[in-house]
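Okay, structure first, notes after.
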Amino acid sequence: MRSLSQQSNPTGVWMVLAGATLWGTTGTAQAFAPSGTSPAAVGAVRLAIGGLALLAFALARRSFTSGKPWPRLATGLAAGCMAGYQLCFFAAVSQTGVALGTIVAIGSAPVLAGALGRLAFGEMLDRKWFLATSLAILGCTTLLATGGKIQLDIRGILLALAAGACYATYAVASKQLLQDHTPDAVIAVVFCLAAALLSPVLLTADLKWLAQVRGLVVALHLGLIATAAAYILFTRGLKYIPVANAVTLSLAEPLTAALLGILLLGERLTIPAWLGAGLLLAGLALLSL
């Protein structure tokens, strides 16, 4: 077995980084959403729009041509974990605050993905991965923990851990599906199934905010840019690099969110936060080279 760093493909690395950058626009987009939007409704609407867009994209590219069966376990895990991530992450953030919820969810995902990738595919975790991941997680923690109040809500922390586990499991299950199917077909199937799982939320949630122009623009951005385009890039990149590397590289998301907060929302970072951003960037650069 070769080490993770030896298996990485530069094209895959940059695709994952580009996808993570688009994910980083999610928080800024939500800041412009009308008041009164529930976390579950935001996640369900995001998946519904993104799933339909991904299905249309896959059909236009005639991606369903492999003729091979879809493994039930891997397909169900990927779809269920994507749906579960939406519910757990947005609920965790609403209870613990953006900083702690993001730290726990995103910070735990690379570690879990490394363990799952080792078990599922025999991916070896070399010293470079450990160093890069440690730098990125430390940087992420420093960056976000200095940005506001920390609410030690046990239920919220558990939800954030569940979100991290869902994301890591989604990445591993998708990696297995990519062995027999195209990236476009995989994300179309996974996201449409995930959207179907969350469809009851759409039937019971208050969606009046979508009738407002600002709400509709936010929903379209979350669905088309922060979901469809982002996961097209991430899944294509995942085909060429190990799961653990991909999930660590996705820590570019909070770095992007922090920079957008400064540029568009007038937020200010403390000196420790700038140090955290530097550590995070160093970890990503180390893993990208």
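The values are calculated or read from the model by the stated rules, or taken from the named source; none is laboratory data. Quick caveat, the model's predicted, so the values are computed rather than measured. As a convention, Cβ positions derive from the backbone with ideal geometry for all residues, glycine included, and neighbour counts pool all protein chains shown. Remember, those area values only see protein heavy atoms, side chains included, never the ligands or the DNA or RNA. Shrake-Rupley method; radii C 1.70, N 1.55, O 1.52, S 1.80 Å.
Observations on the model:
- When you restrict to C-alpha pairs under 8 Å that are six or more residues apart and normalise by the size of the chain, the relative contact order lands at 43 percent.
- Per residue accessible area in Å² of segment 217-289, where ligands, DNA and RNA are left out and the probe is 1.4 Å: 40 Å²
- Dipole size of segment 157-289 about its Cα centre, with +1 on Lys/Arg Cβ and -1 on Asp/Glu Cβ: approximately 100 debye, rounded to the nearest 20.
- Of the DSSP H helices in the chain, those whose Cα atoms cover at least 24 Å axially and whose Kyte score averages 0.0 or more: 39-60, 72-96, 98-121, 127-145, 154-177, 271-288
- Think of it as helices only: each DSSP H run of n ≥ 4 in the chain is worth -39500 (n - 2.57), and spread over all residues that comes to -24000 deg cm²/dmol at 222 nm.
- In the elastic network of the chain, a GNM with C-alpha springs shorter than 10 Å, the most mobile of Ile271, Ile103, Ile225 is Ile271.
- Label-to-label distance, nm, for residues given as Ala120 and Ala196 (7 Å Cα→Cβ offset): 2.1 nm
- Residues of segment 172-204 with amide N under 12 Å of the 7 Å Cα→Cβ point at Lys68: 175-183, 186
- Normalised per residue, the accessible area of segment 12-110 is 40 Å², obtained with a 1.4 Å probe and no contribution from ligands, DNA or RNA.
- Debye, to nearest 20: dipole size of the chain, +1 on Lys, Arg Cβ, -1 on Asp, Glu Cβ: 340 debye
- Accessible-area composition of the chain, carbon plus sulfur, in percent [1.4 Å probe]: 68 percent
- For the listed peptides 43-56, 23-36, a ranking on the average number of other beta carbons within 10 Å per residue, highest first, reads 43-56, 23-36.
- For segment 172-289, the alpha carbon convex hull comes to 140 Å³ per residue, rounded to a whole number.
- Between Arg214 and Thr270, the contour length at 0.36 nm per residue exceeds the Cα-Cα span by 17.1 nm.
- Cysteines without a disulfide-compatible neighbour (Cβ-Cβ under 4.7 Å), the chain: Cys88, Cys140, Cys192
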